[in-house]
Amino acid sequence: MSEINVLAAAKLSPLLLPQLTAAYTVHDRLHQTDPAAFAQLAPKIRAVAAGGDSKVPAELIAQLPALEVISVMGVGYDGVDVAAAKARGVVVTHTPEVLNDDVADLALGLMLCAARQLPAADRYVRAGQWPGGAMPLARKMSGARVGIVGMGRIGQAIAHRALAFGMSVAYTARSAKADLPYRFLPDATALAAESDFLVLITPGGDGTRHLINADVLAALGKKGILVNVARGSVVDEAALIDALERGVIAGAALDVFENEPNVPERLRAMPHVVLVPHIGSATGQTRQAMADLAFANLRAHFAGQPLPTPVPECR
Ligand code: 8YV
């Protein structure tokens, strides 16, 4: 164990914590559990380890005068105040690429679940309803139109998979990507109007808060299905619940929510909505790769080597 003090900003993955504690002196959520002890120790903390959904606000950064690096085990880092970190010369790292397949796989899985009503079909068999007759007919997914909001690495992995289902792919993003063969639409409303499935995989944070609002859902229309594997904050959840209840859209499949791990009762009550607990990257293989990369960033920093994956703002 070295004398380098690391604050775990949230409950860390069991795939990361042992590596960290073997190399550093780790203080597990001390700022939350023992503020007095934290105040004593804070001047010695040189690194913060966090998860994709952890909060590392400006106030916490300000309490850590010796802080050098924040390592996020996740591709999303909207919980970290990167501007405050940069202003202090603190570098932020994340874990891109290694989870692209898993999140894209889940997106396609959720599309199938929503279109073919797989969770409801499973419940139908278990409840012994089959002998009483067949289930209502579902919706075909192959050949449908998918609109992807966010065409980064994961968006492209989703598009690639959708092509194998014979789907047509369109997208919206901050700007058109000339090297991609998919149709670009200028905003989410225009994209929704031409999509059967609207799949969200754009970063969270202030820039995309409630990007999907009542108007976008109205444009998606009564045959449309919303799939969110991005961040809960991207969707106005109250507007979504209202749209689902009133039949403004056909259905939704959601991996992320505005106030995780709390999912509104009105959403949970709707049988045509598919709900999963933020499992986009949650396979053993991928979480191991993410943990290893989060650790490799810290190790490189303290060895004075180039960081494997700083966030774009810190490159
Ligand atoms: C997990 C994620 O929530 O990578 C992200 O941005 O949302 C997820 O993979 C988390 O980061 C695991 O620590």
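The values are calculated or read from the model by the stated rules, or taken from the named source; none is laboratory data. Fair warning: this is a prediction, and the values are worked out from it, not measured in the lab. Here Cβ is always computed from backbone atoms with ideal geometry, including for glycine, and neighbour counts include all displayed protein chains.
Points worth noting:
- Residue in the range 1-15 that is within 30 Å of Ile148 (Cβ to Cβ), touching a helix residue (DSSP H, G or I) at 6+ places or on another chain (Cβ under 7 Å) and in contact (Cβ under 8 Å) with a residue 40 or more places away in the chain present: yes
- Look at the range 215-237: where a residue is assigned by TED's automatic domain parsing to the domain that holds Val248 and among the acidic types (Asp, Glu) and a partner is within 16 Å of the ligand (Cβ to nearest atom) and outside any strand (DSSP E or B), sitting 6+ places away or on another chain with Cβ atoms under 8 Å, you get Glu237/Phe257; Glu237/Glu258.
- Any hit, the range 294-305, residues being over 16 Å from Glu68 (Cβ atoms) and among the polar types (S, T, N, Q): no
For (1) buried (at least 24 other Cβ atoms within 10 Å of the Cβ); (2) closer than 17 Å to Val235 by Cβ; (3) touching a Gly at 6+ places or on another chain (Cβ under 7 Å), each residue gets a yes or a no:
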| site | (1), (2), (3) |
| --- | --- |
| Gly152 | no, no, no |
| Ala190 | no, no, no |
| Leu198 | yes, yes, yes |
| Ile201 | yes, yes, yes |
| Gly204 | no, yes, yes |
| Thr208 | no, yes, no |
| Ala214 | no, yes, no |
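- In this structure, Glu59 does satisfy being among the acidic types (Asp, Glu) and surrounded by fewer than 16 Cβ atoms within 10 Å (Cβ to Cβ).
- Filter result for Glu237 (farther than 30 Å from Asp81 by Cβ and more than 16 Å from the ligand (Cβ to nearest atom)): no
- Selection count, the range 62-119, where residues are among the small types (Gly, Ala, Ser) and assigned by TED's automatic domain parsing to the domain that holds Ile158: 5
- When Glu3 is tested against (1) under 24 Å from Val75 (Cβ atoms); (2) modelled with pLDDT under 95; (3) charged (D, E, K, R), only condition (1) is not met.
- Residue in the range 262-278 that is under 30 Å from Ala23 (Cβ atoms), surrounded by 15 or more Cβ atoms within 10 Å (Cβ to Cβ) and within 13 Å of the ligand (Cβ to nearest atom) present: yes
- Inside the range 287-302, residues that are farther than 15 Å from Val6 by Cα and surrounded by fewer than 20 Cβ atoms within 10 Å (Cβ to Cβ) make up a count of 3.
- Of Arg174, Arg183, Arg231, all but one fail to be among the basic types (Lys, Arg), at negative phi and in contact with a strand residue (DSSP E or B) (Cβ under 7 Å, 6 or more places away or on another chain); the exception is Arg183.
A quick yes/no check of all residues on (1) over 16 Å from Val149 (Cβ atoms); (2) within 12 Å of the ligand (Cβ to nearest atom); (3) not in a helix (DSSP H, G or I):
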| position | (1), (2), (3) |
| --- | --- |
| Ala230 | no, yes, yes |
| Leu244 | yes, no, no |
| Ser281 | yes, yes, yes |
| Leu293 | yes, yes, no |
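- Spans of helices (runs of 4 or more DSSP H) in the range 4-110 with at least 3 residues within 16 Å of the ligand (Cβ to nearest atom): 17-23
- Lone qualifier among Val256, Val311 - being within 16 Å of the ligand (Cβ to nearest atom), crowded, with 17+ Cβ neighbours inside 10 Å and free of Cβ contacts under 8 Å to residues at least 40 places away in the same chain: Val256
- Of all residues in the range 156-183, those being more than 16 Å from Gly109 (Cβ to Cβ) and crowded, with 16+ Cβ neighbours inside 10 Å number 8.
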